[in-house]
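Reviewing the structure listed below.
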Amino acid sequence: MQEIGSLEQVKPRVRPSWDEYFMSIALDVSTRSTCLRAQVGAIIVKDRRILTTGYNGAPKGLPHCLDEGCEMVNGHCVRTLHAEQNAIMQAALYGVSLDGGAIFITHQPCHTCAKMIINAGLTRVVFAGKYPDELAVKYLDLAGIRLDPFDLGDRTPAPPPSVFDSK
């Protein structure tokens, strides 16, 4: 068996911060998305423990955008549930309290998801990609929920293309 030796001989490595760790997992979760326009992932965490995950896609048992194409109404695909919605519903389905938790999302939430985040009792939102929904920011601020943008550098996801076209 090979001996490692003293700590001075071991190559130092930097552990990610908790935010970096959880955002990295949210990015991995987004790879399960079935949306053709944006791959969004979310994880809900409390006391540094992952409670639920969610990604954007069609409701259980319904056709996915990957299979049938997007169902567009006013510049938005209405076939899919948002990642935040799926993460919150997973908690409800399995009886997991989210009160006091934080959600890490690859994109800023929309105003509907912001209202769900508020009512779920989450206290912090960490997001990477921008989404042009000032109502969401307003609602989260009014509810006293901490909103923390997270810089992923070149890994920051872009918003769906039509959110800017439909304005």
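The values are calculated or read from the model by the stated rules, or taken from the named source; none is laboratory data. Nothing here was measured: the structure is a model prediction, and the numbers come from that model. Cβ placement follows ideal geometry from the backbone for every residue including glycine, while neighbour counts extend to all protein chains displayed. The accessibility values were calculated without ligands, DNA or RNA, using every heavy atom of the protein model including side chains. Shrake-Rupley method; radii C 1.70, N 1.55, O 1.52, S 1.80 Å.
Here is how the numbers come out for the structure above:
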| item | result |
| --- | --- |
| Vicinal HN-Hα couplings computed from phi for the range 44-58 (Karplus, 6.51 cos²θ - 1.76 cosθ + 1.60; Hz; Gly/Pro x) | 10, 10, 9, 6, 6, 10, 6, 9, 8, 10, x, 9, 7, x, 5 |
| Gaussian network model of the chain, springs between alpha carbon atoms under 10 Å - residue of 26, 92, 42 with greatest fluctuation | 92 |
| Degrees separating the helix 18-30 axis from the principal Cα axis of the chain, which is the longest one | 50 degrees |
| Magnitude of the charge dipole, the range 19-87, Cβ model with Lys/Arg +1 and Asp/Glu -1, debye to 20 | 160 debye |
| Ordering of 118-130, 75-87 by packing [mean C-beta count within 10 Å, highest first] | 75-87, 118-130 |
| Heavy-atom accessible area order for 55, 94, largest first, 1.4 Å probe | 94, 55 |
| Sequence of 60, 115 from largest to smallest accessible area, 1.4 Å probe | 60, 115 |
| Relative contact order (%) - criterion: Cα under 8 Å, at least six apart; region: the chain | 18 percent |
| Solvent-accessible surface (1.4 angstrom probe) belonging to residue 47, in square angstrom, nearest 10 | 130 Å² |
| Percent carbon-and-sulfur accessible area, the chain, ignoring ligands, DNA and RNA, probe 1.4 Å | 52 percent |
| Computed accessible area, residue 72, all protein chains, 1.4 angstrom probe, square angstrom | 90 Å² |
| Rounded to the nearest 10 Å², the accessible area of residue 111 at probe 1.4 Å | 60 Å² |
| For residue 107, residues with placed amide H under 5 Å, excluding near neighbours | 41, 128, 129 |
| Where 142, 93 fall by accessible area, highest first, once all protein chains stay in place (1.4 Å) | 142, 93 |
| Förster radius 41 Å - calculated FRET efficiency between residue 97 and residue 158, Cβ distance, rounded to 0.05 | 0.75 |
